[in-house]
Amino acid sequence: MSEIQTATAQWKSTPHLILLVAFVLFLVLPLTIGFQFYLRTDANVLVVIVWIIWAYNWSKYSFFRE
């Protein structure tokens with residue numbers, strides 16, 4: 001987790017930029033998978049709610065270490 005904090009401070013170098021892009025893709029993965037299966041139903045609201053919780057918790061523990 002400390003690598004992600006370091007990557008935000010030095011985001012212009014290529015390894016840190018790749019790490020940040022991978023982290024963002026990791027956060028968006030449940031949203032895209034959920035929409036792939038539930039886009040035509042009303043369950044997409046649940047997918048968005050679960051994704052918000054997912055992204056918030058990973059961001060909180062990765063950047064603020066609470």
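The length gained on full extension between F26 and L46, counted as 0.36 nm times the residue separation minus their Cα-Cα distance, comes to 5.3 nm. In terms of accessible area, using a 1.4 Å probe and ignoring ligands and nucleic acids, F23, F35 rank largest first as F35, F23.
How large is the accessible surface of L25 in square angstrom, using a 1.4 angstrom probe and rounding to the nearest 10? Rounded to the nearest 10, the figure is 110 Å².
The values are calculated or read from the model by the stated rules, or taken from the named source; none is laboratory data. Predicted model only: the values in this text are computed from it and were never measured. Areas reflect the complete protein model, heavy atoms only, side chains present, ligands, DNA and RNA absent. Shrake-Rupley method; radii C 1.70, N 1.55, O 1.52, S 1.80 Å.
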